[in-house]
Amino acid sequence: MAQVTMTVRTDSAVKQEFTSLCEQFGMSVNTAMNVFMRAVMEARCIPFTIGAPNSNSNDLKRLLRKNMMERQLNGEPEMTIEEINEEIAAYRAEKKNI
């Protein structure tokens, strides 16, 4: 499918805060908008909540959500329980080494 450019007008402070939050989520503004539009079209409503991480638990949730969104955008199948468990184990191992 052909790519098109879309322009969104917003207040500069809103753009700055949104860009900062997207960075905290580990994605670009462009990726966030594409995820949002696809999710809205599929669910026919606003189907998800995104929040800035504020604890290790939220960091892990953010990592898993990011992986799931990337798979969805790339048309890949959902993560299996084994893949989710591998992500959790890798996250915990990384935190132990810090």
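What to note about this one:
- The residues of the chain expose on average 81 square angstrom of accessible surface per residue, using a 1.4 Å probe on protein heavy atoms.
- Contact order, relative form, for the chain: 19 percent (alpha carbon pairs under 8 Å, 6 or more residues apart, mean separation divided by residue count).
- When restricted to Cα atoms, the chain yields an Rg and a Dmax of 15.4, 45 Å, respectively.
- Residues Cys45, Cys22, sorted by accessible area with the largest first, give Cys45, Cys22 [1.4 Å probe; ligands and nucleic acids excluded].
- Mean residue ellipticity (222 nm) of the chain, computed from DSSP H runs ≥ 4 via -39,500 (n - 2.57), nearest 500: -21500 deg cm²/dmol
- Kyte-Doolittle at least -1.0, axis length at least 18 Å by Cα - qualifying DSSP helices, the chain: 12-25, 29-43
- Among the GluC sites (Glu not before Pro) in segment 1-47, none is located in a DSSP loop while being surrounded by at most 10 other Cβ atoms within 10 Å of its own Cβ.
- Chain lengthening between Ala89 and Asn67 when straightened (0.36 nm per residue, less Cα-Cα): 6.4 nm
The values are calculated or read from the model by the stated rules, or taken from the named source; none is laboratory data. All of these numbers come straight from a predicted model, not from anything done at the bench. Every residue, glycine among them, receives a Cβ derived from its backbone with ideal geometry; neighbour counts consider all protein chains shown. SASA here: full protein model, heavy atoms, side chains in, ligands and nucleic acids out. Shrake-Rupley method; radii C 1.70, N 1.55, O 1.52, S 1.80 Å.
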